[in-house]
1. Considering amide H positions built from the backbone, and no H for Pro or chain starts, which residues 5 or more places from Tyr8, or on another chain, come under 5 Å of its amide H?
2. Pop out the ³J(HN,Hα) list for the stretch 96-102 in order, Karplus 6.51 cos²θ - 1.76 cosθ + 1.60 with θ = phi - 60°, rounded to Hz; leave Gly and Pro as x.
3. Taking the highest mean first, how do the peptides 96-109, 45-58 order by number of other beta carbon atoms within 10 angstrom per residue?
4. Mind ranking Met123, Met1 by accessible surface for me, highest first, 1.4 Å probe?
5. Quick check for you: with a 1.4 Å probe and neighbouring chains kept, what is the accessible area per residue of the stretch 84-137, in Å²?
6. When the Karplus curve 6.51 cos²θ - 1.76 cosθ + 1.60 is applied with θ = phi - 60°, which whole-Hz ³J(HN,Hα) does each residue of the stretch 130-137 get, with x for Gly and Pro?
7. Tell me which residues come under 5 Å, amide H to amide H, from Gln97 once H is placed; ignore anything under 5 positions away on its chain.
8. Once amide H atoms are placed 1.01 Å from N in the peptide plane, what residues at a sequence separation of 5 or more from Leu60, or on another chain, have their amide H within under 5 Å of its amide H?
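The values are calculated or read from the model by the stated rules, or taken from the named source; none is laboratory data. These figures come from a predicted structure and were not determined experimentally. With ideal geometry, Cβ positions are generated from the backbone for all residues, glycine too; neighbour counts draw on all protein chains shown. Side chains are part of the model used for accessible areas, which takes the heavy atoms of the whole protein and leaves out ligands, DNA and RNA. Shrake-Rupley method; radii C 1.70, N 1.55, O 1.52, S 1.80 Å.
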Amino acid sequence: MVSIIRNYVYNKSPISNNYQYPDFLNNDDEELEFDSYLVPESDLEEGALRLLEVDNRVILPELTHVRFIISSGDVIHSYACPALGIKCDAYPGRLNQISVLINREGSFFGQCSEICGILHSSMPIVIESISLEKFLS
């Protein structure tokens, strides 16, 4: 099972979509961690989805059980990716979890589905599923 920690953190502007892979370490023996932001319309590549594309996608292996641990630092959010059957609320100061098994490679799009403030539409979610061999390399 692979664990992903998803934190909704407000850092002035814009909303920081923070992800952590606690089961994997980088070259400095630290947990893998990255921020994911909405790609501005002026920077979109041809064929990319407006208001849904992000600069750093969540990469997951196919045919592997994945656990998302979801939290919030400001208001109630909702982590939703309909194509994967994921919808889980994030409450400030609390942890919530949801599990998923992705059975094919591909890109899956979602977004925060809770009316959580002025930047609500700026929190897209893109999950990319790849083969286990590619994921581990």
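1. Sorted by chain and number, the residues that satisfy this are Ser71, Ser72, Gly73.
2. Running phi through 6.51 cos²θ - 1.76 cosθ + 1.60 with θ = phi - 60° gives 10, 9, 8, 10, 8, 10, 8 Hz.
3. Numbers: 96-109: 14.4, 45-58: 12.9.
Per-residue Cβ counts within 10 Å, averaged per peptide and sorted highest first, yield 96-109, 45-58.
4. Working: Met123 0, Met1 135 Å².
The residues order as Met1, Met123, largest area first.
5. On the way: 3140 Å² over 54 residues.
In whole numbers, the stretch 84-137 has 58 Å² accessible per residue.
6. Here the 3J(HN,Hα) series is 10, 5, 4, 4, 5, 4, 7, 8 Hz.
7. Ile70
8. Glu128, Ser129, Ile130
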